[in-house]
Amino acid sequence: MRMAEGVEWALHSCLNLTWSEPGQAVSAARLAAFYQLPTAYLNKQLQALVRAGILSSTSGPRGGFRLARAPEAITVLDVVVAIDGAEEAFRCEQILRQGPGGRGDVDYRQVCLVSQAMRRADLAWRRELAGQTLADLRAAVEQRYPDTPGNTRDRLTAPLT
């Protein structure tokens, strides 16, 4: 399974927003500059997060993005689904139907052992991502890299060059 690079960008942007000043909106340009990303492409990811209710946005000279919910209420899976969609990674096309002994009246998505194994793996992956919130990630980063919150706030408020 391969996720779009926008997932990584969105997760880091959301994590950085957990350290922004309360009520502060951060522009797409500022978030993009943080990792030297293309602003227009990151903005598309940020807009997807707004549509998913993860971020809110305000327009205008002091506008930008902020978290729409508390970090404890945003899972890693929420962000992944907002960017990559909710479809399962494996789609059973029921090729057993065309194979020897295949039958048209059987739903092979339900009885195929390959399909079942892939569905279990997908569910385990989703459970793992749903079990981690932005608050969990933030706490882990703060424990390992205690200077990150302050450094991030400084970079989010420094003039763009």
### So residue 64, is it at pLDDT 90 or above and either within 30 Å of residue 23 (Cβ to Cβ) or touching a Pro at 6+ places or on another chain (Cβ under 8 Å) (or both)
yes
### Query
Within region 110-135, which residues are over 17 Å from the mean Cα position of the chain (by Cα) and part of a loop (DSSP other than H, G, I, E, B)?
112
#### Entry: Members of region 71-86 found to be over 10 Å from the mean Cα position of the chain (by Cα) and open to solvent by 50 Å² or more (accessible area, probe 1.4 Å), listed by number
72, 73, 86
### Query
Out of the residues in region 136-148 that are assigned to a helix (DSSP H, G or I) and of a type in the set (Asp, Glu), which is nearest to residue 75 (Cα to Cα)?
136
### Task
Provide a single number: the residues in region 120-161 that are of a type outside the set (Asp, Glu) and open to solvent by 70 Å² or more (accessible area, probe 1.4 Å).
14
### Query
Which residues, counting only those in region 1-50, are of a type in the set (S, T, N, Q), open to solvent by 30 Å² or more (accessible area, probe 1.4 Å), within 24 Å of residue 70 (Cβ to Cβ) and part of a loop (DSSP other than H, G, I, E, B)?
24, 27
### Message
Suppose we filter region 99-109 for residues that are at pLDDT 90 or above and part of a helix (DSSP H, G or I); how many remain?
### Response
0
### Task
Scan region 12-23 and report the pairs whose first residue is of a type in the set (Asp, Glu) and whose second residue is open to solvent by 10 Å² or more (accessible area, probe 1.4 Å), with Cβ atoms within less than 7 Å and a gap of 6+ or a chain change.
21/153
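The values are calculated or read from the model by the stated rules, or taken from the named source; none is laboratory data. Please read these numbers as outputs of a predicted model, since none were measured by experiment. All Cβ positions, glycine included, derive from the backbone under ideal geometry; neighbour counts span all protein chains shown. Ligands, DNA and RNA are stripped out before the accessible areas are found, and what is left, the full protein with its side chains, is counted by its heavy atoms. Shrake-Rupley method; radii C 1.70, N 1.55, O 1.52, S 1.80 Å.
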